[in-house]
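Novice: This is the structure I have questions about; it appears just below.
The values are calculated or read from the model by the stated rules, or taken from the named source; none is laboratory data. Since this is a predicted model, take the numbers as computed values, not measurements. All Cβ positions, even for glycine, are placed from backbone atoms using ideal geometry, and neighbour counts span all protein chains on display.
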Amino acid sequence: MFDATTILAYKGENKAVIGGDGQVTFGNTVLKGNATKIRTLYKGQILAGFAGSTADAFNLFDMFESNLEQTKGDLLKAVIAFSKAWRKDKLLRQLEAMMIVLNKEHIFILSGTGDVVEPEDGKIAAIGSGGNYAISAARALYKHAKMDEEELVKESLMIAGELCIYTNQNIKILKIEE
């Protein structure tokens, strides 16, 4: 995990939602509190977020977007092609970033070693230093509260922001609805 941020994604019944905090740190110093670490890709059909080095993440976003274009937006094929390229490229293997990508059908974590992981439940994924706090809150809220996908992501990230010193409560949310 990276001491850099918190990204949480939830693929629900009606919406795919991703959220992230806005804090950028360097060591134990906060450099910025309102950064955007999530974005939409491929004509608004894919959501993505990153944790780790900002410069590395922008390179990964660009490369992943290229894979999405080549696969005409097929997320499953794009993550497999992305993983193969990441593992083969010596420079990419040195990048310090992770990504979550999702659409209405799939959700994946792309690790800094080129791994592609689909969450066990197929619904909720988190990365970053506050990821474990956010996913714990999201799982509890999913089971015990009647919230829509967007509310669940926001509230879970707010909880992570209360607990993780590398996460703030300046939350940004993106969604894909049916």
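Novice: Give the range 111-125 a look and list any residue that's surrounded by fewer than 18 Cβ atoms within 10 Å (Cβ to Cβ) and of a type in the set (Gly, Ala, Ser), or say none.
Specialist: SER111, GLY114, GLY122
Novice: Looking only at residues in the range 46-81 that are more than 15 Å from the chain's Cα centre (by Cα) and not in a helix (DSSP H, G or I), which one is farthest from VAL117 (Cα to Cα)?
Specialist: Here the residue is LYS72.
Novice: Further question: Tell me whether the range 126-144 contains one or more residues that are hydroxyl-bearing (Ser, Thr, Tyr), surrounded by fewer than 13 Cβ atoms within 10 Å (Cβ to Cβ) and in a loop (DSSP other than H, G, I, E, B).
Specialist: The initial filter retains those residues of the range 126-144 that are hydroxyl-bearing (Ser, Thr, Tyr), namely 129, 133, 136, 142.
From the residues that got through so far, the ones that are surrounded by fewer than 13 Cβ atoms within 10 Å (Cβ to Cβ) too are none.
No, because not a single residue in the range 126-144 is hydroxyl-bearing (Ser, Thr, Tyr), surrounded by fewer than 13 Cβ atoms within 10 Å (Cβ to Cβ) and in a loop (DSSP other than H, G, I, E, B).
Novice: Can you tell me which residue in the range 72-110 is farthest from GLY52 (Cα to Cα), limited to those that are surrounded by 15 or more Cβ atoms within 10 Å (Cβ to Cβ) and among the polar types (S, T, N, Q)?
Specialist: Result: ASN103.
Novice: Now for a separate question. Could we say that VAL153 is among the aliphatic types (A, V, I, L, M), assigned to a helix (DSSP H, G or I), under 21 Å from GLY22 (Cα atoms) and touching a residue at least 40 places away in the same chain (Cβ under 8 Å) here? Steps first, answer last, please.
Specialist: On the way: among the aliphatic types (A, V, I, L, M): yes; assigned to a helix (DSSP H, G or I): yes; under 21 Å from GLY22 (Cα atoms): yes; touching a residue at least 40 places away in the same chain (Cβ under 8 Å): yes.
Yes.
Novice: Now, a different point. How about the range 42-95: which of its residues are closer than 23 Å to GLN23 by Cβ, at pLDDT below 95 and touching a strand residue (DSSP E or B) at 6+ places or on another chain (Cβ under 6 Å)?
Specialist: PHE50, ALA51, GLY52, SER53, ASP56, ALA57, LEU60
Novice: Would you mind telling me which numbered condition in (1) assigned to a helix (DSSP H, G or I); (2) in contact with a helix residue (DSSP H, G or I) (Cβ under 9 Å, 6 or more places away or on another chain); (3) surrounded by fewer than 18 Cβ atoms within 10 Å (Cβ to Cβ) ILE173 fails?
Specialist: The number of the failed condition is (1).
Novice: Could you look through the range 1-29, keep only residues that are in a strand (DSSP E or B) and free of Cβ contacts under 8 Å to residues at least 40 places away in the same chain, and pick out the one that is nearest to the chain's Cα centre (by Cα)? Outline the logic, then answer.
Specialist: Step one: list which residues in the range 1-29 are in a strand (DSSP E or B), which gives 6-11, 15-20, 24-26, 29.
Going one step further and asking which of them are free of Cβ contacts under 8 Å to residues at least 40 places away in the same chain, we end up with 24, 26, 29.
Working: VAL24: 15, PHE26: 20, THR29: 23 Å.
Applying the filter and picking the extreme gives VAL24.
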